[in-house]
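Chemist: Structure below; questions to follow.
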Amino acid sequence: MKNLVVALFACVILAWPAAADQLLPGGEFQIVNTTGFIEKDGRRTPLPADTGTAKVDVTHRANGTLSLRIGETEALLYPVEAGLAGLTWNADDTNVLHGTDFQALNGSQPLETIPVWGADLAWPGLGLARLVVMPHGPEGYAGFLISYPEGKTVVRQMELQQVFGPLNRPQ
């Protein structure tokens, strides 16, 4: 009996990363830009506050991609190899979330088990931009839109939530 319990436990642990997408929420979310900055010549300047929201539909596809649809526009994001461990960014001197923040929001899981999706996209008004999205706790997502207009780097942090405010607040 003890061997059976150990074998079942091992199967659950080994299947956990493959089942991660089924555990993450999908459906309609509100998206808002929460912070960001412009970097030019080594200096970072915060972006002005942007409290506008939009509706986005989040769909996990069977092939592992993540679809974000705003109106008639769809962005298809692909899994990042090694999850959050596959990304690096310098959030020093900014209000954007750090890798350790995402790790804490996701139950202190190892970085490689926290899924991340991303793609380079033609973004209206920005040209080519990189969009990356990852879980922001069990109820939502956060991400970064990074663009490079006119010799500067612009980083926008966004949050996708189904309920804004305390997570235990009724919808």
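Chemist: Give the residues of the stretch 38-67 that are open to solvent by 60 Å² or more (accessible area, probe 1.4 Å), of a type outside the set (K, R) and outside any strand (DSSP E or B), sorted by residue number.
Modeler: Answer for the stretch 38-67, where residues must be open to solvent by 60 Å² or more (accessible area, probe 1.4 Å), of a type outside the set (K, R) and outside any strand (DSSP E or B): D41, G42, P48, A49, D50, T51, A62, N63.
Chemist: Would you mind stating whether T35 is surrounded by 13 or more Cβ atoms within 10 Å (Cβ to Cβ), over 15 Å from W117 (Cα atoms) and either within 20 Å of the chain's Cα centre (by Cα) or at pLDDT below 95 (or both)? Spell out the reasoning first.
Modeler: Values: surrounded by 13 or more Cβ atoms within 10 Å (Cβ to Cβ): yes; over 15 Å from W117 (Cα atoms): yes; either within 20 Å of the chain's Cα centre (by Cα) or at pLDDT below 95 (or both): yes.
Yes: the conditions hold for T35.
Chemist: Right, something else. Right, P135: under 14 Å from the mean Cα position of the chain (by Cα) and open to solvent by 70 Å² or more (accessible area, probe 1.4 Å) or not?
Modeler: no
Chemist: Give T113, T59 a once-over and let me know the one that is farther than 17 Å from Q157 by Cα, in contact with a Pro (Cβ under 6 Å, 6 or more places away or on another chain) and in contact (Cβ under 8 Å) with a residue 12 or more places away in the chain. Let's see the steps before the verdict.
Modeler: On the way: T59 fails: in contact with a Pro (Cβ under 6 Å, 6 or more places away or on another chain).
The unique qualifying residue is T113.
Chemist: Moving to a separate point now. Sort out which residues of the stretch 68-125 are β-branched (V, I, T), open to solvent by less than 50 Å² (accessible area, probe 1.4 Å) and out of contact with any Lys or Arg (no Cβ under 8 Å at 6 or more places or on another chain), and write them in order of number. Lay out the reasoning, then the answer.
Modeler: The initial filter retains those residues of the stretch 68-125 that are β-branched (V, I, T), namely 70, 73, 80, 88, 94, 96, 100, 113-114, 116.
Now restrict to residues that are open to solvent by less than 50 Å² (accessible area, probe 1.4 Å): 80, 94, 96, 113-114, 116.
If the condition is that a residue be β-branched (V, I, T), open to solvent by less than 50 Å² (accessible area, probe 1.4 Å) and out of contact with any Lys or Arg (no Cβ under 8 Å at 6 or more places or on another chain), then V80, V96, T113, I114, V116 are the ones that fit.
Chemist: Residue under question is R130, and the condition is that it be out of contact with any Phe, Trp or Tyr (no Cβ under 7 Å at 6 or more places or on another chain) and under 22 Å from A49 (Cα atoms); does it hold?
Modeler: When the stated conditions are applied, R130 passes them.
The values are calculated or read from the model by the stated rules, or taken from the named source; none is laboratory data. Just so we're clear, the structure is a prediction, and the values are computed from it rather than from any experiment. In this analysis, Cβ positions are derived from the backbone assuming ideal geometry, glycine residues included, and neighbour counts consider all displayed protein chains. The area values use the complete protein model at the heavy-atom level, side chains included, leaving out ligands, DNA and RNA. Shrake-Rupley method; radii C 1.70, N 1.55, O 1.52, S 1.80 Å.
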